Amino acid sequence: MRTRRSLAHAIIVAIVALGMAGCGSGTDSPTSPTPLGPPAANAPIRYTAIGASDANGVGSTVVCAPFISCDNGTGYVPVLARQLRSSHDVTLVNLGIPGAVLSPAIQVIARAAGRDIVANFIDQELPFVPANATLVTVFGGGNDANAVADAILRGAAGSDVRGYINTQVGAFGADYDRLIRGIRSRATDAFIVVINLPNLAALPYASGGTTQQRQILQQIAVGMSREANRQTGTGVVVVDLMCDAQVYDASRFSSDGFHPNDAGYTYLAQRVQALVNGTSSSPPSTCGQMAAVPAL
């Protein structure tokens, strides 16, 4: 009998293969986004989560295997589903794949830098967004930022680190546009919630890095977070982590200093739930948290 871990791995491999087969299925075609409001009070919610290990709750006490029902999970996705069930009938599809990046281009960079990245959101998650989804959350960029930072440390940027970062952030933004267009094309009635990045240079896992390493990480994270914020122009709502001082509380992180713990995931779920319940959101264009270290 297969263990749960080996079964999860087999499912990931199958999903990756199916996602590759589904490439070129029309998700590149722009659509005219129609801003949609959150689900009505007491209306059924068909919730789909796009993400990486955060969607599976890595760092929490109950980590969910990919693509497997996990009602007792303590990551933000199952916690949010439970919170919403207090007033809605909720059906959950969790597409999160540990280690996944948002961008296919950065997946190539990550692999060249020695990172074993098996999936990206566009090729392996987007094709499986159900047409009847009414709520879609997207949380990505952390793995992308770390991959770009690793590539720079390995010499990929040459002598033009700032230019290299700007190029990769621009590519990330173009792929974010592509992802949101694809979601809207597949699930025309979905209320889409994007979660931007915090300043990774200010998280516990980065504290042991050199000043230059943290400067590089900061410039990447701030740039990618702004690309996520830009999606508000399409009617998407954004949960702002970058400028939320509470996000940087070390007590909300697991022992790896990168993934949230139970308290961190619960806080994130509450932030998303507030938007689903109709709270407005407007991420700031600038804040002190964007400059945790001197600029590169």
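For Val93, the residues whose amide H sits under 5 Å from its own are Tyr47, Thr48, Ala49, ignoring neighbours fewer than 5 places away on the same chain, with H placed 1.01 Å from N.
Taking a ≥ b ≥ c as the square roots of the eigenvalues of the Cα gyration tensor of the chain, is the shape rounded (a/c under 1.5), prolate (a/b larger than b/c) or oblate? Taking the square roots of the gyration eigenvalues as a ≥ b ≥ c, the chain is rounded. Once the Cα atoms of helix 211-229 and of the chain are each reduced to a long axis, what angle between those two axes, in degrees from 0 to 90 to the nearest 10, is obtained? That helix lies at roughly 40 degrees to the long axis. If you plug the beta carbon distance of Thr232 and Gln212 into 1/(1 + (r/R0)^6) with R0 = 45 Å, you get a FRET efficiency near 0.90. Note on Thr91 and Asp116: the extension gain reaches 5.9 nm, defined as 0.36 nm multiplied by sequence separation minus the Cα-Cα distance. Mind giving me the nanometre distance, one decimal, between the label points for Asn132 and Ile68, set 7 Å out from Cα along Cα→Cβ? It is 2.6 nm. Working note: Karplus 6.51/-1.76/1.60 with θ = phi - 60° gives region 199-205 the couplings 6, 4, 5, 9, 8, x, 5 Hz, where Gly and Pro are set to x.
Most simply put, the chain has about 5% antiparallel DSSP beta bridges, counting only bridges with both residues inside it.
Counting every pair of alpha carbons in region 49-151, the share spaced more than 15 Å apart comes to 61 percent. Computed with every protein chain present, the accessible area of Asp71 is close to 90 Å² [probe 1.4 Å].
Pairs of Cα atoms in region 163-296 fall into 10 Å distance bins, from 0 up to the last occupied one, in shares of 12, 38, 37, 12, 1 percent. In this view, the solvent-accessible surface of Thr286, computed with a 1.4 Å probe and all protein chains in place, comes to about 100 Å². The residues packed around Gln107, meaning those with a beta-carbon under 15 Å from its beta-carbon, carry a net charge of -3 if Lys and Arg are +1 and Asp and Glu are -1. Multiplying the residue separation of Ala43 and Ser282 by 0.36 nm and removing their Cα-Cα distance gives an extension gain of 83.5 nm. The calculated FRET efficiency for Gln270 paired with Asp160, based on their beta-carbon distance and R0 = 45 Å, is about 0.60. Charge tally around Pro260: other residues with Cβ under 12 Å, Lys/Arg +1 each, Asp/Glu -1 each, net -2. Karplus-based coupling profile of region 124-136, in residue order and whole Hz: 10, 10, 3, x, 10, 5, x, 5, 9, 4, 10, 9, 10, with θ = phi - 60° in 6.51 cos²θ - 1.76 cosθ + 1.60 and x standing for Gly or Pro.
The listed residues Val108, Val161, Val236, once ranked by accessible area (1.4 Å probe) with the largest placed first, stand as Val108, Val161, Val236. Split the chain at each of the trypsin sites (Lys or Arg not before Pro) in a DSSP loop with at most 16 other beta carbon atoms within 10 Å, and the longest piece is 155-296.
The values are calculated or read from the model by the stated rules, or taken from the named source; none is laboratory data. Keep in mind that what you see is a predicted model, and the values were worked out from it rather than measured. Don't worry about glycine lacking a Cβ; one is built from the backbone with ideal geometry, like all the others, and counts go over all protein chains shown. What goes into the accessible areas is simple: the full protein's heavy atoms, side chains included, and nothing from ligands, DNA or RNA. Shrake-Rupley method; radii C 1.70, N 1.55, O 1.52, S 1.80 Å.
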